[in-house]
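The values are calculated or read from the model by the stated rules, or taken from the named source; none is laboratory data. In this text, all values refer to a predicted model and were calculated from it rather than measured experimentally. Positions of Cβ are backbone-derived with ideal geometry, glycine not excepted, and every protein chain shown enters the neighbour counts. Areas reflect the complete protein model, heavy atoms only, side chains present, ligands, DNA and RNA absent. Shrake-Rupley method; radii C 1.70, N 1.55, O 1.52, S 1.80 Å.
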2 protein chains.
Amino acid sequence: MLDIQDMAKQVLAGNRRALARAITLVESGRADHREQALELLETLRGHGRTALRVGLSGTPGVGKSTFIEAFGLMLTAQGLRVAVLAVDPSSARSGGSILGDKTRMERLSRDKMAFIRPSPSQTQLGGVARRTREAIDLCEAAGFDVILIETVGVGQSETMVSEMSDLFLLLLAPAGGDELQGVKRGIMEMADILLVNKADGDLKLTAMRTCADYSGALRLLRKRPQDPQDFPKALTVSAVEQNGLDTAWAEMTTLNNWRRENGHFKARRAAQARHWFEAEVRERLLARLAVDPVRSVMKDLGSKVENGALTPSAAAEALLCEHLSLD
Amino acid sequence: MLDIQDMAKQVLAGNRRALARAITLVESGRADHREQALELLETLRGHGRTALRVGLSGTPGVGKSTFIEAFGLMLTAQGLRVAVLAVDPSSARSGGSILGDKTRMERLSRDKMAFIRPSPSQTQLGGVARRTREAIDLCEAAGFDVILIETVGVGQSETMVSEMSDLFLLLLAPAGGDELQGVKRGIMEMADILLVNKADGDLKLTAMRTCADYSGALRLLRKRPQDPQDFPKALTVSAVEQNGLDTAWAEMTTLNNWRRENGHFKARRAAQARHWFEAEVRERLLARLAVDPVRSVMKDLGSKVENGALTPSAAAEALLCEHLSLD
């Protein structure tokens, strides 16, 4: 039997094993675990700690792991505690977690100031969202200063991660001017800082040109109220040579401080909390359709609709009135 | 008080005014109207008539109205009865119907063998889907031979229209080879026949080249089981000069006959019916969140979540257990 009050205490004390166990608890699909998870989150509510939640996206091959390792080690060297969470929609599909998140970031994973957690395995992006969001809450309660939430460049998961982050970074590869179009406008509009990676060796000049191109593209975007002068902006970095990481962190800090002073930080967190509440209600309401007896009745009615014995509307009416009516 | 049995009889007799009133009834949001609409659809079920449902999409300016008018008049001259329904997502947003559908197709609208109905005005695409689907059923019951369902080139509405059509046509403009990429792969994969319009005057050669380019692009797509040899295919038409319309119709007939003979027509309709049943269940289940008292409770809980008095998960749990539990 889990002692939830004790687990909460240990999470608050920054115990990494307790944090890992707590995340496993919120990731569980079992009903009794779910009840304990809610008790844990409720116990931890109001802990008063605020981490900087940083979403990070980039297509495979752009150097995300190398960047996170180098960036994370720079932060821990400054005395900051860093948590890394991964959201991988392909892992959501296959039901497995990213192989070797810790292997990818070997030095960071051995750092006592860091905590790395692979993507929760889940069949639905909605489920991944709730679990990731709750894992963020737990890391924040455990006193981490920076929480990096990493995802691959797939539209839906990027939107999801940006909606649980205070800052959203887009990691890009050096590229010819024509390829700029490859970054969807919607993704560009979500980003606070674009980082053109691999600004080293043969690619350095290309990276600088790419960065200038993106800066131009960013200037064409509509000004957002949550941005100070000169934001969003594009920067070059080299994760391999550890160049530009300090500048990137300085810019992130500048942006975050400005937003905190101007009320945008708090407003964004509030709006995000409401958004996730509503999303969870919708998701769990629809999940009832997948549970018997509704699931079986829906399947039978579907067959009748298929062979023309019922119209889609009449079948929907029947299911909603007879099997999904509220008390 | 509406006499539904009488309305059903008149719709079956092909009375256009009764059909128009019946469509107005299924478009209504009033609960008593909804009940009557379901009674009407149930009374009409099993009428045994089968129209050819043809979805048609194309970006503004490609000549959709001119094509529909010319194509429709050609069909009515052959003794076929033609219904035209429009789905306009922008009208769904603004709450108004397309201005002057009948003005756009003046000659066809005066044709006794034709019936033109503008887009239902609705705030949600889901609502538009149900109303359009039911309007199609009514037109089919009224004995129309061909039902054209027109939409503009916006991803979501195209998918929706293709999911209520037996055939899906994409009307395209003549263009340089580079612009082919403008047609999204997903849309291309939905289409059964691509029609390159404006194959007349100065644009004739360009249209032929564009058609050849699209033919090449179509050959690269994966073969679908519901297609005979040589389909999907690209053709040139000139709506203005009424060229190629007969060929287009012949190809549509060939494809449709092949699908009917090979069981694909019936299988597609059955799958579509199940799809729309399930979509309506989901949509109406979610619609309960917008109705009081749930709406108000959700708003209050949302405020508590915003100011941190509740976690999103705890608030969702409370709403679902206390206000959305099933009996």
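Values computed for the structure shown
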{"quantity": "Any hit, the range B:76-98, residues being within 28 Å of B:A175 (Cβ to Cβ), open to solvent by 10 Å² or more (accessible area, probe 1.4 Å), polar (S, T, N, Q) and at pLDDT 90 or above", "calculated": "no"}
{"quantity": "A:A239 vs. criteria open to solvent by 50 Å² or more (accessible area, probe 1.4 Å), aliphatic (A, V, I, L, M), more than 30 Å from B:R49 (Cα to Cα) and more than 7 Å from chain B (Cβ to nearest Cβ)", "calculated": "no"}
{"quantity": "Filter result for B:D200 (in contact (Cβ under 8 Å) with a residue 12 or more places away in the chain and closer than 23 Å to B:I68 by Cβ)", "calculated": "yes"}
{"quantity": "Residues located in the range B:268-289, provided they are more than 9 Å from chain A (Cβ to nearest Cβ) and within 22 Å of A:A271 (Cα to Cα)", "calculated": "B:A287"}
{"quantity": "Residue within the range A:315-322 that is among the charged types (D, E, K, R) and either under 21 Å from the mean Cα position of the chain (by Cα) or facing chain B (nearest Cβ under 7 Å) (or both) present", "calculated": "yes"}
{"quantity": "Per-region count, the range A:139-183, residues part of a helix (DSSP H, G or I), surrounded by 23 or more Cβ atoms within 10 Å (Cβ to Cβ) and at pLDDT 95 or above", "calculated": "2"}
{"quantity": "Subset tally (residues that are outside any helix (DSSP H, G or I), touching a helix residue (DSSP H, G or I) at 6+ places or on another chain (Cβ under 6 Å) and either at pLDDT 90 or above or basic (K, R) (or both)) for the range B:10-51", "calculated": "2"}
{"quantity": "Residue ID - most open to solvent (accessible area, probe 1.4 Å), chosen from residues in the range B:3-28 that are small (G, A, S) and within 14 Å of chain A (Cβ to nearest Cβ)", "calculated": "B:S28"}
{"quantity": "Matching entry among A:D292, A:D327 (being more than 7 Å from chain B (Cβ to nearest Cβ) and at pLDDT below 90)", "calculated": "A:D292"}
{"quantity": "Qualifying position, being farther than 24 Å from B:T132 by Cα, in a helix (DSSP H, G or I), touching a residue at least 60 places away in the same chain (Cβ under 8 Å) and more than 10 Å from chain A (Cβ to nearest Cβ), among B:D246, B:D300", "calculated": "B:D246"}
{"quantity": "Residue, farthest from B:P228 (Cα to Cα), within the range B:187-213, restricted to residues that are within 20 Å of the chain's Cα centre (by Cα) and not in a helix (DSSP H, G or I)", "calculated": "B:L195"}
{"quantity": "Residue among A:T50, A:T43 that is of a type in the set (V, I, T), under 24 Å from A:E158 (Cα atoms) and either out of contact with any strand residue (DSSP E or B) (no Cβ under 9 Å at 6 or more places or on another chain) or within 14 Å of chain B (Cβ to nearest Cβ) (or both)", "calculated": "A:T50"}
{"quantity": "Check on B:R222, away from chain A (no Cβ under 14 Å) and open to solvent by 70 Å² or more (accessible area, probe 1.4 Å)", "calculated": "yes"}
{"quantity": "Test for A:E241: is it closer than 30 Å to A:M105 by Cα and either modelled with pLDDT under 90 or in a loop (DSSP other than H, G, I, E, B) (or both)", "calculated": "yes"}
{"quantity": "Residue check, A:E261 within 14 Å of chain B (Cβ to nearest Cβ) and acidic (D, E)", "calculated": "no"}
